[in-house]
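Shown next, in structure tokens, is the structure this report addresses.
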Amino acid sequence: MQLVVARIGRAHGIKGEVTVEVRTDEPELRLGPGARLTTDPAANGPLTIETGRVHSGRLLLRFEGVRDRTAAEALRNTLLIADVDPAELPEDPEEFYDHQLIDIDVVLADGTEIGRITEISHLPSQDLFIVERPDGSEVMIPFVEEIVTEIDLEEQRAVITPPPGLIDDSQAVIVSSRDEEASAPGNDA
């Protein structure tokens, strides 16, 4: 099975290093020196990591055969893909691979069906479950502990406790800082 583990960003310096947006919880395992990764687009790879280091909080990689800024810049936005045994599981029981979560049911704590996870979007601040509802519409659910309270792989379900408005727009609570300022004592609007 193939997992996207990173996306190449911009070139760093003049010696072929690139920044990478890490998309794995195990970068030391997947993005270490000697790792050979396939790419999307396929024409940019495969790539073998020669060196890696952290600089100002960002992971920098250099690949074999990429020796200058021009070659590094040509790799920008390339996805790095690792081949992983499908039976392999993350070391931490609170971590999951995307393939483990795709197609599991999403339900409320009372058992009410919300839908099925069809995709996981990896954003810089958090991951999002893209959930297809029974009516065909989609809802995005932040994959954070406060909302996704349980993942049960045996039962193939994720239990959520969404805040008002996340699942049903009619329950949304609209808060405006302007309203608060206007009603604050001493403000004659």
## Note on the structure
Extension length gain for residue 51 and residue 113 (0.36 nm per residue less Cα distance), in nm, is 17.6 nm
### Task
Compute the Rg/Rh shape ratio of segment 12-60: radius of gyration over Kirkwood radius, all on alpha-carbon atoms.
0.95
### Task
Consider the candidate values (1) 18.4, 59; (2) 19.8, 62; (3) 21.4, 68; state which one is Rg and Dmax of the Cα atoms in Å computed from the structure displayed.
(3)
#### Entry: Full-stretch length increase - residue 21, residue 89 - with 0.36 nm per residue and alpha-carbon distance subtracted
22.3 nm
### Electrostatic dipole magnitude of the chain [Cβ: Lys, Arg +1; Asp, Glu -1; Cα centre; debye, to 20]
1640 debye
## Note on the structure
Per the charge dipole of segment 1-79 (beta-carbon charges, Lys/Arg positive, Asp/Glu negative, Cα centre), the residue among 13, 31, 49 reaching farthest to the positive end is 13
### Query
Separation between the residue 36 and residue 135 pseudo-spin-labels, each 7 Å from Cα along Cα→Cβ, expressed in nm?
5.1 nm
### Task
Please express the Cα-Cα pair-distance distribution P(r) of segment 81-136 as a list of whole percents, one per 5 Å bin, running from 0 to the bin with the greatest distance.
4, 16, 21, 23, 21, 10, 5, 1
### Summary
From the Cα centre of segment 22-54 to that of segment 78-140, the distance in Å is 23 Å
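Just so you know, all these numbers are worked out from the coordinates, no wet-lab data involved. Values in this document were obtained by computation on a predicted structure and should not be read as measured data. Reconstructed Cβ throughout: ideal geometry from the backbone, glycine too, with neighbour counts over all protein chains shown.
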